[in-house]
1. When Rg and Dmax of the Cα atoms in Å is calculated directly from the model, which label among (1) 23.8, 66; (2) 11.9, 41; (3) 17.4, 48 fits?
2. Compute the helix-to-body angle for 7-22: its Cα long axis versus the longest principal axis of the chain, expressed 0 to 90° and rounded to tens.
3. Apply 1/(1 + (r/R0)^6) to the Cβ-Cβ distance of T63 and F22, taking R0 = 25 Å, and write down the FRET efficiency to the nearest 0.05.
4. Can you order the peptides 19-30, 55-66, 4-15 by their average number of other Cβ atoms within 10 Å per residue, highest first?
5. Compute the acute angle (0 to 90°) between the alpha-carbon long axis of helix 47-58 and the principal axis of greatest extent of the alpha-carbon atoms of the chain; round to the nearest 10°.
Amino acid sequence: MAYRLTPEQSARNLIQLAVDSFKKEPGETLPIMSLASEWDDNQTDTEAFGEGIDFALQNGWITVESTNSLPLYTLTRAGYQRR
């Protein structure tokens, strides 16, 4: 059986990816589609992406704002410190 990331591990990996690959800092909008693409290239567990987003939202590591198109996710200071 393949190793499965916990939601917290997934969230930490997402935050790290945002900071390392996209140079994001607290208060900046995350490029969610680019993150998803990068995640697919680097992770074996694609379901963990959504679980990581959910965990990060529930714990205040990112926030979401609904728009007319895609939701906008923003990195918080708490999320930045969790990486």
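No value in this document is a laboratory result; all are computed from the given coordinates. Everything numeric in this text was worked out from a predicted model, so none of it was measured. Glycine also receives a Cβ, built like all others from the backbone with ideal geometry; neighbour counts cover every protein chain displayed.
1. (2)
2. Its long axis makes an angle of about 60 degrees.
3. Approximately 0.90, to the nearest 0.05.
4. 4-15, 55-66, 19-30
5. Approximately 40 degrees, to the nearest ten.
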